[in-house]
Amino acid sequence: MYVAVLQKEDEIEVIVSISDGLSTVSEKVRILVTDANDESPEFINTPYIVQVPENSPSGSSIFKIEAVDRDTGSGGSITYFLQNIHANKFTIDRHSGVLRIKSGVTLDYEKSRTHFVVAVAKDGGGKLRGDNKVFSATTTVTVNVEDVQDTPPMFIGTPYYGYVYEDTLAGSEVLTVVALDGDRGKPNSIHYCIVNGSEGSFEISNTTGAISVIKSPNQLKKEVYELRVQASEVSPEGDISAYAFATVTIRVVDLNNHPPTFHGESGPQNRFELTMYEHPPEGEILRGLKITVNDSDQGANAKFNLRLVGPGGIFRVVPQTVLNEAQVTIIVENSAAIDYEKYKVLTFKLLAIEVNTPEKFSSTADVAIRLLDTNDNVPKFSSDYYIARIPENSPGGSNVVAVTATDPDSGLWGEVKYSIYGTGADLFLIHPSTDVNDHSPEFNENIQEKTMIIGSPVKIEAIDQDAEEPNNIVDYSIMQADPANVFDIDQSTGEIKLKSYIRSLDIIHNITKNKDCIWSLVVQAKDRGSPSFSTTAVLKIDITEETLHKGPMAAFLMQTKDNPMKALGVLAGVMGIMVLITIMISTAMFWRNKRSNKIMPVRRIIKKRQTQQSRTVRMEWLKFKRPSNAAEKFVVEDDAKSLQNENSNNNVQAAPVPPAAPLPPPPPALAASGNTAVWRVPTVSGSLTPKFINKQLKKRGHNSAHNALVSELKMKFEKRNAAMGEPHI
């Protein structure tokens, strides 16, 4: 089967051919195509910017927007509406798209110069792939409000004060008044004039507002002049449209003998404070500062400059030059720099310094501007993205990942609340805040016993496992005490001490009849979270006076008084160590005595025989005593000199290698009868170290009795060894 398609706008012709290999049959089929709603409305001739005079009447049409939709039928029909209709000052015709000022609403250039209106165009909907679809589009209409002359002029820096000194020349400028058109968009020029109060002594510049004295000071008949000055708006056509009045007070004073002085509402003042919100609009006057500066001198001596000393470019002061007296006005220049997150308090010095005087008198006043926070920052996460991996079999409630966002704003504006959304968000739960107070403080023991020495505190401590402050900050308090009004507790540290009047046990015995001085307290530990959690513990305190005994043993006994088992354990350990040392010493003595069960030292000294004469051995390292038992028959004679070698390095020389000896005979049989005297080999008690006799020692004479005893003992040994077949020494 073959299909050929021909398309013509809203219809399609299809030729269907069927063949069995021999013959072919064709048929033309016509398919009608209907429109689907697959196009969205589109605004034309954008962007939309409208200029509207502020005196436009309510309900008047100001603009028409237009959108097109290329679909047919209901999908191509368009209706219009505005977003945030209740907050808008405008309304729109849903069919024509004509934008109007709401009924009963007026525009004001001085309050809001620009409005942004979001308009929506929506089609009538239609079928698209079997579903009913409605498409829409949005656009923003910028409405700029044009200023019109509807606000009178206003004077800046009122009230005005000026001074004429006794040495002021005629024609000198006294002060300048300044007025501005209240319509800042298209301001008119200002024309100044003195209405009354001059009495021919002062004049004012029509264009600058500078007031000058036209007489010499000695011709001025009054000490104080009050001038009524008028500021009028003059239109480009020359018509006076509006005007305002101000009073200027001029005093006639004498020579320069006063510095500039700052005044507040209650008199002279050198510090001014103001509280305001951050980011005020640029050009705004800090009206909360009521500052007046004046110089009581006259003429040029009262002319001084004003300036702000501090962070530059944030504020400016008006006027910058003052003659005699002026109201100080501080105006915002840089709104972005007035940031609560950077400065909690902005501090400036207001400096007034005379200009044309040799003395250059000056004065300063501190200006402190305390900022209030506004919600001008958005929360920011510590990372642009987080990656978490968890096993697929993780139980519900398992921690996945911790995210952190901060907002530098203060108070509720700086509190960050968390939520999650998106694909799979229904499988997870996030705490709305970073730190949840879900732990209560815990004492290590609910019932504790401590010993308090009068004059020294005891401490109790509880731990809160929460991660952040204030949830983990613990405060302590005494809930109950027996007796009461005896103890004080430090709220932060948990240190407990006696009242200051309790200085001895005698005072305590006067308070209670309990002679053992063990008192009980119920101490509460409470965290600062919201909601707050608390727990209590019972503390038993044994009160005693400081002992007169000093030293480590006394300190140890005092420390272990609360825990006698600890003292018993230490005592048992000391006794065990002493027993172990005794056993080790006894064992060493036993094995040494067992190895020396013959009458010979640990290391034998054998002298090489020079001739066949009878051998004699010098045994001056043995010294006989009258023994009390068999083990004390030999005592080592320590001769320090015998331990020294020729190099005096205290190293022991190696003994000469003895000749090979025959195997020792079997030990003699012990007699069975206890009455028969048996000759036993005495053992040597102590450490036997052979001493090598120095050559100098050989030259010394020995006591004849000592030598005789040694010779006699040697002869007995040789006879016995000869009878038993043992080698000679």
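Values in this text are rule-based calculations from the coordinates and carry no lab data. Predicted model, so just to flag it, every value in this text is computed and none were measured. Quick reminder, even Gly has a Cβ in these numbers, built from the backbone with ideal geometry, and neighbours come from all protein chains shown.
Which order do peptides 306-317, 415-426 fall in by mean Cβ count within 10 Å, highest first?
Numbers: 306-317: 15.5, 415-426: 9.8.
Sorting 306-317, 415-426 by mean packing, highest first, produces 306-317, 415-426.
Given the convex hull of the Cα atoms of segment 186-319, what is a quarter of its surface area in nm²?
For segment 186-319, the mean projected area of the Cα convex hull comes to 11.3 nm².
Could you order peptides 318-328, 356-366 by the average number of other Cβ atoms within 10 Å of their residues, highest first?
In descending order of packing, they fall as 318-328, 356-366.
Arranged by the count of other C-beta atoms within 10 angstrom, fewest first, what order do M589, M584 take?
M584, M589
Relative contact order for segment 42-146 using alpha-carbon pairs under 8 Å, separation at least 6, rounded to a whole percent?
Details: 225 pairs, mean separation 37.1, N = 105.
That works out to 35 percent.
Taking every pair of Cα atoms in segment 271-323, average 1/r, invert it to obtain the Kirkwood radius, and report Rg/Rh to two decimals.
Checking Rg against Rh, the ratio lands at 1.02.
Cut-off is 10 Å between beta-carbons; in what order do E146, E199 appear when sorted fewest neighbours first?
E199, E146
How big is D for segment 150-254, in µm² s⁻¹ as a whole number, if Stokes-Einstein is applied with the Kirkwood radius of its Cα pairs at 10 °C and 1.306 mPa s?
Using the Kirkwood radius from Cα pairs, D works out to 112 µm²/s.
So for segment 259-399, what are the equivalent ellipsoid semi-axes in whole Å, largest first, each being the square root of 5 times an eigenvalue of the Cα gyration tensor?
In descending order the semi-axes read 51, 13, 12 Å.
Using mean Cβ contacts within 10 Å as the protection proxy, how do 48-57, 157-166 order, highest first?
The most tightly packed comes first, giving 157-166, 48-57.
Between segment 43-80 and segment 240-307, what is the separation of their alpha carbon centroids in Å?
52 Å
Rounded, prolate or oblate: which fits segment 33-176 when a ≥ b ≥ c are the square roots of the eigenvalues of the alpha-carbon gyration tensor, with rounded for a/c under 1.5 and prolate only if a/b beats b/c?
prolate
Which ordering of M154, M452 is given by a fewest-first count of other beta-carbon atoms within 10 Å?
Listed from fewest to most nearby Cβ atoms, that is M154, M452.
Output the pairs from K89/K122; K290/K417; K303/K349; K450/K526; K497/K526; K344/K497 with a Cα-Cα distance over 31 Å in this structure; if there are none, say none.
Flagged as over cut-off: K290/K417; K344/K497.
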